[in-house]
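The next block holds one structure in the form of structure tokens; read it before the comments.
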Amino acid sequence: MQGLIKDIARREEYALATDGRGVLCLVDDASPTGGATMTVDAPGGITGDNFGNRFIIPGMWIGFVNPTTGALRADILKVLSCSSDGTSITMSGTPPWRRTTTTSSRSPVRA
């Protein structure tokens, strides 16, 4: 029961603190590595380098918004783990755009 209360509190914090677009954080990789682990910052899309994975939970399915067009990208992946220092997430695969483009400020959103 205690875990449920913490989960609800986290979701409530997210709902009250964000602007309604559903942005969980920003991907902060200046050059793509082609890997499934991504550096993140700006929890909830709010500027700041601290604890970027705050609103992401392992097992959550997330998609990514193209910052140029604002459109949701086709690749939706499952979060496998979140780093304890709050700086990265590991996905179930590598999004195709991560292999070829600069990924700075991509916006993960809940799918």
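Summary of computed values
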quantity	calculated
Out of T47, T87, sole residue that is out of contact with any Leu (no Cβ under 6 Å at 6 or more places or on another chain), under 23 Å from E13 (Cβ atoms), surrounded by 17 or more Cβ atoms within 10 Å (Cβ to Cβ) and at pLDDT 80 or above	T87
Subset of region 15-37 (residues that are modelled with pLDDT under 75, surrounded by 13 or more Cβ atoms within 10 Å (Cβ to Cβ) and either under 13 Å from the mean Cα position of the chain (by Cα) or charged (D, E, K, R) (or both))	D29
Tally, over region 69-80, of residues that are closer than 18 Å to A42 by Cα and surrounded by fewer than 17 Cβ atoms within 10 Å (Cβ to Cβ)	1
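The values are calculated or read from the model by the stated rules, or taken from the named source; none is laboratory data. On a predicted model such as this, the values are computed, not experimentally measured, just so you know. For neighbour counting, all protein chains shown are included, and Cβ atoms are generated from backbone atoms with ideal geometry for every residue, glycine included.
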